[in-house]
Amino acid sequence: MTKNENNEHISTSMALDDEQRVRILSPGMLVAKRFLRNRLAVIGLLIIVVMFIFSFVGGVISPYGEAQVFKIYDSIEKDFAGAAINNEFQYINAPEESFPAMAKAESILAINKGEDRFVSQDVVYSLIKEGNDFYRIVQYQDVASVISLKGINRFTPVEGETISKEMETAYAKALDTNEKSFDLDGTTYYIINNGKNSSIALAKEISMASKMMFSAYTPDIDLSYDFRFAAEKAMNDQTQTFEVNGITYNMDLDIEDNSAVFYMIDGDEKIEYALASNISINAVNNAFLSIDFKEAIVHAIENGDTSFTMPDNNGVEVEYKINRKNNQFTIRTLTETELINTYAAPSKKHPLGTDGNGMDIITRLMYGGRVSLVIGFVVVIIETIIGVILGGLAGYFGGWVDNLIMRIVDIVYCIPSMPLYIILGSVMEFLSIDPKIRIFILMIILAILGWPGIARMVRGQILSLREQDFMTATEALGISVSRRIFRHLVPNVIPQLTVIGTMNLGGIILTEATLSFLGLGVKYPYASWGNIINAINDTYIMKMYWFVWIPAGLLILFTVLGFNFVGDGLRDAFDPKMKR
Amino acid sequence: MRKFVIKRLAISVVILFFVAVIIYTIMRCMPSSFVENMAREKASLPGGKSYNEWLAQLNKSYGLDKGIIAGFLQWLGQALKGNFGDSWEFNIPVTEKFMEVIWDSFVLGAISFILEIAIAIPLGIAAARKQYSKSDYAISVFALIGISLPSFFFASVLKYVFAIKLEWFELFGMIGRHYEQLSTFGKFLDRASHLVLPIITLVIVNIGSLMRYTRTNMLEVLNSDYIRTARAKGLSEKRVINYHAFRNTLIPIVTIIGGSLPALFSGAMITETLFQIEGIGYTSYQAMTTGDIPFSMFYLIFMAMLILLGNFIADILYAVVDPRVRVN
């Protein structure tokens with residue numbers, strides 16, 4: 001540029017149209033001066049600079065990442081345990097025995113009818129009532145059949161069995177006292193009456209049915225069949241102490257609650273062993289619930305309470321609420337839960353709040369700006385290259401080359417761009433193409449449909465330029481064709497290219513934003529101003545969370561406006577003929 | 001003149017042919033699984049045919065089982081007879097669906113177009129009369145804001161302010177909940193009130209270019225010698241502007257307005273979609289996003305025709321106004 005200050009003494013006026021001044025300024029400088037005099041253009045330039053700083057520097061400065069999800073901790077009432085009053089028989093099978101489901105159904109029928117035997121799949125089972133809602137299911141194995149005639153019993157042992165004198169006496173004794181069983185040498189024999197014929201049988205334990213639920217005190221206690229049987233029997237008989245397999249247990253019965261706590265007696269120590277009640281309790285997350293806790297639940301349910309408190313592991317009292325639904329009870333409590341911080345209102349930590357994915361909106365806006373601006377520039381550069389080459393060739397050569405290229409321009413011009421973007425976007429959506437590749441494809445499609453305008457303009461300019469004297473001069477000098485086009489013609493089109501490029505930038509950013517808004521452009525996890533606004537497809541979000549979409553929309557508006565202001569200013573600056 | 005018109009028409013038809021080839025090729029390059037998916041969806045509808053039947057039928061009726069060229073010729077042959085096939089999305093012939101929705105789009109487009117002209121031309125002239133005045137800046141900025149506004153954002157802001165906050169209009173749809181109970185006049189008012197926000201959106205978003213075009217042309221006219229002569233004759237400024245200048249500005253404006261007349265039928269895809277106006281824009285948006293090839297194909301060709309027709313009208317009008325064009 002010419003040194004303005006050296007010639008300062010000549011200039012008498014600072015006015016732009018001062019003749020002296022105009023003479024000494026280079027054309028580029030003149031354009032710059034004219035551009036800067038245009039207030040709107042300067043505002044536009046400022047907006048663009050601010051947007052660039054916001055997007056490219058802001059993203060670096062921002063303490064958060066583009067797709068960083070923010071979480072918060074909150075206490076929400078969650079299901080802690082479920083309880084149900086058990087009205088169904090629970091079957092506990094004897095060791096190494098199985099009791100099929102069919103037989104279970106038959107057994108319930110038999111219990112309801114008051115029968116003491118039932119047949120299921122050709123197997124005969126017998127029910128022995130041991131207490132209230134407490135049955136043993138056994139299979140009898142005959143030891144001997146007895147025929148009683150006039151007070152005389154004739155015993156016929158089953159093959160392989162023998163009948164001792166003691167057994168006969170015990171049988172007679174049992175018959176006299178009208179009992180159904182008798183004990184002999186620690187074995188219980190059962191008397192089955194079948195009219196005049198009776199039989200003595202051994203019972204083989206298959207299963208037991210009861211409505212009581214047992215829970216062990218610690219997770220490693222395995223409640224054995226024998227224990228359960230003895231414990232339930234003790235509950236029915238209300239005996240304080242009983243013995244199973246050589247271990248003594250103590251029972252603490254609560255008749256009101258219909259529950260009992262069992263202690264294992266180990267020398268002088270009483271160790272809490274198990275709890276029985278007709279309420280079944282299960283933790284929601286398979287955790288082990290302590291007996292105390294279960295007892296508290298049973299107690300609360302029996303009392304009809306809606307809440308109770310229990311100290312937790314750290315000794316802090318926690319309140320539990322009980323919701324009843326028929327025979328089902330849900331025990332709820334406030335639980336500390338990690339939540340994604342969605343649609344958080346603007347705060348110091350998040351100046352514009354967070355979006356539906358719990359991401360910081362202002363950070364998303366910064367990264368979105370990068371994507372929008374980069375797409376805009378890349379597309380403009382590609383379409384300018386295509387447009388200048390094709391337009392230049394058409395304008396310079398004329399004739400059939402011109403005709404061919406211009407018809408191609410006409411054809412591409414006629415392809416409806418927005419519908420095509422939408423179709424291709426839907427196809428990419430359907431193929432679930434990687435979001436990163438989508439951005440590249442989007443840029444290429446935008447450029448391929450965008451170049452005809454530039455090509456037309458370049459051709460028009462070159463058509464008039466090539467008739468000018470300087471072109472005749474280049475021809476006379478024998479400069480090569482490519483050099484003539486790209487060194488002498490194209491540089492003369494640069495002002496118009498700059499204007500059209502700047503204007504197109506705004507348009508491309510708008511198109512990209514629209515496509516992303518429709519969900520067919522830039523996709524999550526990449527941010528774009530358009531896809532941030534996409535959230536308002538849910539009217540509720542539009543209504544409640546202005547901070548999610550208004551800032552993004554304003555950023556698009558201002559950026560496009562900035563480019564349009566600058567483009568306008570550049571046009572006026574390059575072409576001062578329009579000024580009076 | 002006749003020769004010129006015929007030449008232009010012939011060129012338009014050739015261009016349309018190539019555009020159709022390109023569009024058809026793009027449609028054909030869609031992954032075939034897209035069609036398979038459509039067939040699967042169709043087959044899952046109650047009372048439909050089986051998947052294989054659908055697939056075979058879809059492929060056959062759209063020539064998808066042939067090569068691109070043969071398929072295109074088949075499509076072209078049918079299209080020339082006015083048969084564009086059945087829409088996959090709407091299950092009725094494409095042209096029938098088109099006739100069903102086009103008039104709503106036209107009404108929407110026509111009202112906003114008239115409003116645009118009524119606002120843009122006076123404002124553009126006012127801006128040109130006082131170049132670099134405050135009002136000129138204000139009008140220029142207004143026009144540029146309109147151009148720069150993303151229509152989806154502006155529509156959302158309107159909905160937010162007028163439908164949610166003030167509750168003056170409904171959020172979307174074309175008729176209200178109690179439409180059937182209303183009197184004839186009430187029905188008209190109901191429909192009209194549903195069109196207010198979409199029309200505002202369209203007018204504001206589209207007004208900028210016409211306004212700037214008017215301003216630029218008016219400035220050009222005001223700089224010309226005959227205006228200087230008129231002023232030198234001592235005519236009043238009012239007469240200079242309204243009589244001498246305005247008439248000359250009208251020439252390019254009428255040309256551009258004539259050229260944009262066909263666009264009244266193209267529908268406003270984004271605005272219609274956002275306000276759920278059952279016009280051609282919203283319908284085709286649904287068709288395109290669901291992969292309804294017959295309807296999309298028809299819509300794209302229709303749009304191309306509108307663009308060509310617009311250019312054609314503009315060229316003819318230009319030739320009518322400027323005899324020099326006819327010679328070349």
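Brief remarks follow.
- Subset of the stretch A:152-177 [open to solvent by less than 100 Å² (accessible area, probe 1.4 Å) and of a type in the set (S, T, N, Q)]: A:Asn153, A:Thr156, A:Ser164, A:Thr169, A:Thr177
- Search result, residues across the stretch A:109-118 that are touching a strand residue (DSSP E or B) at 6+ places or on another chain (Cβ under 8 Å) and modelled with pLDDT of 80 or more: A:Leu109, A:Ala110, A:Ile111, A:Phe118
- Note on the stretch A:392-409: among residues that are within 14 Å of chain B (Cβ to nearest Cβ) and either outside any helix (DSSP H, G or I) or among the hydrophobic types (A, V, I, L, M, F, W, C) (or both), the one that is nearest to A:Thr511 (Cα to Cα) is A:Val409.
- Some residue of the stretch A:95-117 being open to solvent by less than 90 Å² (accessible area, probe 1.4 Å), in contact with an Asp or Glu (Cβ under 6 Å, 6 or more places away or on another chain) and not basic (Lys, Arg): no
- Residue in the stretch A:157-167 that is farther than 27 Å from A:Glu232 by Cα, in a strand (DSSP E or B) and assigned by TED's automatic domain parsing to the domain that holds A:Ala94 present: yes
- Identification of helices (runs of 4 or more DSSP H) wholly contained in the stretch B:279-328 with 3 or more residues that are closer than 30 Å to B:Gln74 by Cβ yields B:280-289, B:293-321.
- Every residue from the stretch B:1-24 that is free of Cβ contacts under 8 Å to residues at least 12 places away in the same chain, within 14 Å of chain A (Cβ to nearest Cβ) and not β-branched (Val, Ile, Thr): B:Lys7, B:Ala10, B:Phe17, B:Phe18
- Selection count, the stretch A:564-578, where residues are at the interface with chain B (Cβ under 8 Å from one of its Cβ atoms) and open to solvent by less than 40 Å² (accessible area, probe 1.4 Å): 3
So that you can scan it fast, the table gives a plain yes or no per residue for (1) at pLDDT 75 or above; (2) within 21 Å of A:Asn258 (Cα to Cα):
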residue	(1), (2)
A:Ala296	yes, yes
A:His299	yes, yes
A:Gly304	yes, yes
A:Gly315	no, no
A:Val318	yes, no
A:Gln328	yes, yes
A:Thr333	yes, no
A:Glu336	no, no
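- Test: residue in the stretch B:208-224 that is outside any helix (DSSP H, G or I) and more than 21 Å from B:Ala163 (Cβ to Cβ): yes
- So A:Ile454, is it among the hydrophobic types (A, V, I, L, M, F, W, C) and at pLDDT 85 or above: yes
- Subset of the stretch B:156-182 [under 26 Å from the mean Cα position of the chain (by Cα), within 11 Å of chain A (Cβ to nearest Cβ) and open to solvent by less than 50 Å² (accessible area, probe 1.4 Å)]: B:Ser156, B:Val157, B:Lys159, B:Tyr160, B:Ala163, B:Leu171
- Residues in the stretch A:516-549 that are more than 8 Å from chain B (Cβ to nearest Cβ), surrounded by fewer than 20 Cβ atoms within 10 Å (Cβ to Cβ) and without any contact (Cβ under 8 Å) to a residue 60 or more places away in the chain: A:Asn537, A:Asp538, A:Tyr540.
- Checking B:Ile121 against (1) within 11 Å of chain A (Cβ to nearest Cβ); (2) surrounded by 16 or more Cβ atoms within 10 Å (Cβ to Cβ); (3) more than 25 Å from A:Gly530 (Cβ to Cβ), the condition it does not meet: (1)
- Filtered residues of the stretch A:388-411 (kept if closer than 21 Å to B:Ile307 by Cα and not hydrophobic (A, V, I, L, M, F, W, C)): A:Asn403, A:Arg407, A:Asp410
- Residue within the stretch A:497-508 that is over 20 Å from A:Ile361 (Cβ atoms) and open to solvent by 50 Å² or more (accessible area, probe 1.4 Å) present: yes
- Selection count where residues are facing another protein chain (nearest Cβ under 7 Å), in a helix (DSSP H, G or I) and of a type outside the set (A, V, I, L, M), scope the stretch A:410-452: 5
- Flag if A:Val379 is part of a helix (DSSP H, G or I), under 19 Å from A:Ala527 (Cα atoms) and in contact with a helix residue (DSSP H, G or I) (Cβ under 6 Å, 6 or more places away or on another chain): yes
- Among the residues of the stretch B:137-152, those that are within 7 Å of chain A (Cβ to nearest Cβ) and open to solvent by less than 10 Å² (accessible area, probe 1.4 Å) comprise B:Leu144, B:Ser148, B:Pro150, B:Phe152.
- For the stretch B:275-309, residues that are under 16 Å from the mean Cα position of the chain (by Cα) and at the interface with chain A (Cβ under 10 Å from one of its Cβ atoms) total 14.
- All of A:Thr218, A:Thr248, A:Thr241 fail the test of being open to solvent by 20 Å² or more (accessible area, probe 1.4 Å), assigned by TED's automatic domain parsing to the domain that holds A:Tyr263, β-branched (Val, Ile, Thr) and under 22 Å from A:Asn258 (Cβ atoms), apart from A:Thr241.
- Restricting attention to the stretch B:167-184, the residues that are charged (D, E, K, R), in a loop (DSSP other than H, G, I, E, B) and more than 20 Å from B:Glu272 (Cβ to Cβ) add up to 2.
- Taken together, the criteria place B:Phe246 among residues that are assigned to a helix (DSSP H, G or I), within 28 Å of B:Gly208 (Cα to Cα) and of a type outside the set (A, V, I, L, M).
- Any hit, the stretch A:466-477, residues being in contact (Cβ under 8 Å) with a residue 40 or more places away in the chain and closer than 30 Å to A:Val371 by Cβ: no
- Among residues of the stretch A:71-90 that are outside the structural domain of A:Ile281 (by TED's automatic domain parsing) and at pLDDT 75 or above, those with a beta-carbon under 6 Å from a residue that is in a strand (DSSP E or B) and among the aromatic types (Phe, Trp, Tyr) at least six positions away or on a different chain give the pairs A:Ala83/A:Phe329.
- Considering residues of the stretch A:49-93 that are assigned to a helix (DSSP H, G or I) and small (Gly, Ala, Ser) only, the residue surrounded by the fewest Cβ atoms within 10 Å (Cβ to Cβ): A:Gly58
- Test: residue in the stretch B:208-216 that is surrounded by 20 or more Cβ atoms within 10 Å (Cβ to Cβ), away from every other protein chain (no Cβ under 12 Å), touching a Leu at 6+ places or on another chain (Cβ under 9 Å) and at pLDDT 90 or above: yes
The values are calculated or read from the model by the stated rules, or taken from the named source; none is laboratory data. Keep in mind the model is a prediction, meaning the values are calculated, not measured. FYI the Cβ positions are ideal-geometry reconstructions off the backbone, even for glycines, and counts take in every protein chain you see. Accessible surface is based on the protein model in full, side chains and every heavy atom, while ligands, DNA and RNA are left aside. Shrake-Rupley method; radii C 1.70, N 1.55, O 1.52, S 1.80 Å.
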